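The values are calculated or read from the model by the stated rules, or taken from the named source; none is laboratory data. Keep in mind the model is a prediction, meaning the values are calculated, not measured. Here the Cβ is made from the backbone with ideal geometry for all residues, glycine too, and neighbour counts use every protein chain on show. Surface accessibility is based on the protein's heavy atoms, side chains included, excluding ligands, DNA and RNA. Shrake-Rupley method; radii C 1.70, N 1.55, O 1.52, S 1.80 Å.
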Amino acid sequence: MKYDAVIIGGGLAGLNLGILLQMSGKKTAIFSKGASGLGFSSGNIDLYGGPDWRSGVETITKEEHPYYKIKLDVIEKAAKKFKQIYGDELLFNNGNYFTVNPFGGVNEESEIIQRSMAVEKKKYSGAALLRFPGYGDFPYHFCKEGMEKSERLGNIQIYISRVEIPWRYFLTRSRNLSDYLTQPSVWEEILKEISQISPSYDLIFAPAFLPADSRYSEFRAQMEKASAGRFREIPGSPPSVAGERMSHVLRQRYLENGGTLEKNAPVVGGDWEGKRLRALHVKNYLYPVEAEFFALTTGTFFTGGLVSRIHEVVEPIFNLDVDYIPDTEKWTQERFHDFGGHAFMGFGVKTDSTFRALKDGEPVENLYVAGAILSGFHPLKEKNAGGVSIASSYYVHEKIKQRL
Ligand SMILES: Cc1cc2nc3c(=O)[nH]c(=O)nc-3n(C[C@H](O)[C@H](O)[C@H](O)COP(=O)(O)OP(=O)(O)OC[C@H]3O[C@@H](n4cnc5c(N)ncnc54)[C@H](O)[C@@H]3O)c2cc1C
């Protein structure tokens, strides 16, 4: 079978690209190796430094920056389309909302927020932070201290409130917590308990535990009712329930639109005809997979899209041109927590002005690149990680559509 387009990598960029192409009537397949960056993320999307992101994007002058190539109007279209695809459970932050992180830090940067995490900007005096006995993978006390110190939250008092429910397990990860609490019998108990405590607080925070699957909207509505609109989730440690929820929704949309999703299917190489990629080699597949167009959305070091070796960084599938600094000493800053400053975060695959991959200095005719693997931007410093994934995949979908 020959596809219109085959996408390598099923993270935020690959799924968004696949959905957009399927919605345009193109026949696609996604081959993906394993977990994506969404499983680590908050499940909210940063476009560029906060709700005033448009003026930030307009100041970008570096030609190799993905946003310089995409341009503001296309980024806007991409964000709008992403929200449309996702549905009502995502809202645009026009500056009126913030989210809270597990250390009690207030994050005003996310432009697209899952409803159960969006906190309206207003004066609060007291909030509960739900603590679940048996679940220790959340820094309850740091979170309380962080929120109480936060200028944005004023002089808020946080009360850690232990939730009494029938415990049968030791819940090690956030996903275990979510699976357990959303079982019908336990869920009823939780709703009762929250409806009892909610009148005493302005807000009720909890490590994210609403379902990471299609039950989310229904459960969120029940929780809203029980808490009289006071319940808010805080994304927890990986695997992040909120990030997995976003991944689940996107996978569903892709399949509903007729896409072919092959999981546990690492792409290991390709067949070439001059400057054109003809087919992919997928591990354990008997035959090469053919397509008119291909897209590489394999992420960075986390997910194996880039691999660091002594004194070099490589793209392991096709050995594409990678933008990196040969001097290893300059890859990192001395302070680990200098997130924005680490040079390696800006490394990535080089592309031409339309995101075609460069190999030996020349564009590959039919291989596009999107998402975190792109070079030329600094996701943490610029606060645009998710934004680059959805905007570049939108842009690439338009290019492929025009050429098919
Ligand atoms: C801890 C953390 C927190 C974050 N928080 C936020 C946030 O709050 N807001 C925000 O906007 N962004 C956030 N991000 C960033 C955001 O999640 C990522 O930028 C985004 O998910 C990247 O998507 P991607 O599709 O480009 O790549 P990835 O999500 O990395 O997906 C790449 C996919 O390709 C697959 N793959 C790799 N190699 C192969 C191969 N050879 N064959 C087949 N498949 C392959 C991988 O298995 C993976 O599924 C966060 C990231 C991290 C790590």
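Odds and ends about this structure:
- Subset of the stretch 107-145 (residues that are within 16 Å of the ligand (Cβ to nearest atom) and farther than 29 Å from Glu218 by Cβ): Glu108, Glu109, Pro139
- Residue check, Glu76 open to solvent by 10 Å² or more (accessible area, probe 1.4 Å) and either in contact (Cβ under 8 Å) with a residue 40 or more places away in the chain or in a strand (DSSP E or B) (or both): no
- Selection within the stretch 239-257 - open to solvent by 50 Å² or more (accessible area, probe 1.4 Å), touching a residue at least 60 places away in the same chain (Cβ under 8 Å) and either outside any helix (DSSP H, G or I) or among the aliphatic types (A, V, I, L, M) (or both): Asn257
- Qualifying residues in the stretch 28-59 (those that are part of a loop (DSSP other than H, G, I, E, B) and out of contact with any Pro (no Cβ under 9 Å at 6 or more places or on another chain)) - the one farthest from the ligand (Cβ to nearest atom): Thr59
- Single residue of the stretch 87-110 satisfying the filter (over 14 Å from Arg152 (Cα atoms) and open to solvent by less than 10 Å² (accessible area, probe 1.4 Å)) that is nearest to the chain's Cα centre (by Cα): Ser110
- Residues (away from the ligand (no atom under 15 Å from the Cβ) and either closer than 23 Å to Gly243 by Cβ or at pLDDT below 95 (or both)) located in the stretch 1-27: Met1, Lys2, Gln22
- Restricting attention to the stretch 340-357 and to residues that are within 21 Å of Glu312 (Cα to Cα) and aromatic (Phe, Trp, Tyr), the residue that is modelled with the highest pLDDT turns out to be Phe347.
- Considering the conditions (1) away from the ligand (no atom under 14 Å from the Cβ); (2) over 27 Å from Lys121 (Cα atoms), Tyr67 is excluded by exactly one of them, (1).
- Contacts under 8 angstrom Cβ, first residue in the stretch 25-42 being of a type in the set (A, V, I, L, M) and open to solvent by 40 Å² or more (accessible area, probe 1.4 Å), partner in a loop (DSSP other than H, G, I, E, B) and more than 8 Å from the ligand (Cβ to nearest atom), 6 or more apart: Ala35/Pro239
- Of the residues contained in the stretch 336-344, none is found to be surrounded by 20 or more Cβ atoms within 10 Å (Cβ to Cβ) and not in a loop (DSSP other than H, G, I, E, B).
- Taken over the stretch 364-384, the criterion of being open to solvent by 20 Å² or more (accessible area, probe 1.4 Å) and either touching a Ser or Thr at 6+ places or on another chain (Cβ under 8 Å) or outside the structural domain of Ala343 (by TED's automatic domain parsing) (or both) is satisfied by Ala372 alone.
- Of all residues in the stretch 262-320, exactly one satisfies the criterion of being basic (Lys, Arg) and within 25 Å of the chain's Cα centre (by Cα), namely Lys263.
- The residue that is farthest from the chain's Cα centre (by Cα), among those in the stretch 147-185 that are among the polar types (S, T, N, Q), under 18 Å from Val241 (Cα atoms) and in a loop (DSSP other than H, G, I, E, B), is Gln183.
- Test: residue in the stretch 304-322 that is hydroxyl-bearing (Ser, Thr, Tyr) and within 16 Å of the ligand (Cβ to nearest atom): yes
- Residue count for the stretch 273-317, restricted to those that are of a type in the set (Phe, Trp, Tyr) and in a strand (DSSP E or B): 2
- Condition check for Gly258: farther than 22 Å from Ile190 by Cα and assigned by TED's automatic domain parsing to the domain that holds Leu374: no
- Residue check, Asp88 away from the ligand (no atom under 16 Å from the Cβ) and part of a loop (DSSP other than H, G, I, E, B): yes
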